[in-house]
Every structure is written in C-alpha cells, then in structure tokens.
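First up is the structure itself, then whatever we jot down about it.
The values are calculated or read from the model by the stated rules, or taken from the named source; none is laboratory data. None of the values given here were measured: they were computed from a predicted structure. Cβ placement follows ideal geometry from the backbone for every residue including glycine, while neighbour counts extend to all protein chains displayed.
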C-alpha cells in the first residue's frame, strides 16, 4: 500500500524575510560585491583562508542587485524590499516580482542568503 504525501503548504513569497549569509563590500560607485570564500570546508577555511592572498571570490552585483542586497537585513520582507525597489527604479524594474523571485532563487541556491518565514497576517 502506497502512502500519500500530505499536501504541501503554499508559501506567500512576499512575507518571507531574506537574511545575508556571506560577507560583502561596497565600491566607490555604490555597487556591492559578495565575498564567497574559496574554501568551503570549515576546518580548512579556519586554517588556510587567512594565509591566502585572495581568499574570496568576488561576485559583483549590478545597481538593482546591490540595492536589493543592502535591504536583506533580516527585518525587511520581500514585499517591503520590492516597494523600495519600485520607488527607486520605477518601471525599469518591471516585472518586479518575477525578477526578485529568480534573484532570490539564485542567492538561496548558492547559500548567499537564508530565507526566514514570518507569520502571514492575511491568514
């Protein structure tokens, strides 16, 4: 007899809160570069990263990505960040939710952010 999987609970992406998981730096133009360690194994990273000349890969973000990254502070929801993006970039960022969704997927897949689920006030 086959067990049935329970139905998956739908998640409202707009109430999720992204939190930065890696270091970053900002250049003179205001663009963000994410600092991904070249060594991922914690034991080796502890002993080798500080000895390396360039211990990090730098992933450079564009203006829109940099603005988004700066607001991934653990306090702003996706909906709030989208409103800030819309306010700053206007119609240049449309379709905003599709773009943010794809960007979030890439950031989470590469373990640059974690996504915290908050209580949805509409439920």
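I'm trying to understand the selection: among the residues of region 106-123, which are surrounded by fewer than 11 Cβ atoms within 10 Å (Cβ to Cβ) and in a loop (DSSP other than H, G, I, E, B)?
Once the filter is applied, which keeps residues that are surrounded by fewer than 11 Cβ atoms within 10 Å (Cβ to Cβ) and in a loop (DSSP other than H, G, I, E, B), region 106-123 yields 118, 119, 121, 122, 123.
Would you be able to tell me the number of residues in region 76-95 that are free of Cβ contacts under 8 Å to residues at least 60 places away in the same chain and touching a helix residue (DSSP H, G or I) at 6+ places or on another chain (Cβ under 7 Å)?
Residues meeting the conditions: 5.
Which count do you get for residues in region 9-23 that are over 10 Å from residue 114 (Cβ atoms) and modelled with pLDDT of 85 or more?
Number satisfying all stated conditions: 2.
Restricting to region 19-37, count the residues that are surrounded by 12 or more Cβ atoms within 10 Å (Cβ to Cβ) and more than 17 Å from residue 107 (Cα to Cα).
1
Residue by residue through region 47-75, note down the ones that are touching a residue at least 24 places away in the same chain (Cβ under 8 Å), within 12 Å of the chain's Cα centre (by Cα) and surrounded by 12 or more Cβ atoms within 10 Å (Cβ to Cβ).
Correct list: 61, 65, 66, 68, 69, 70, 72, 73.
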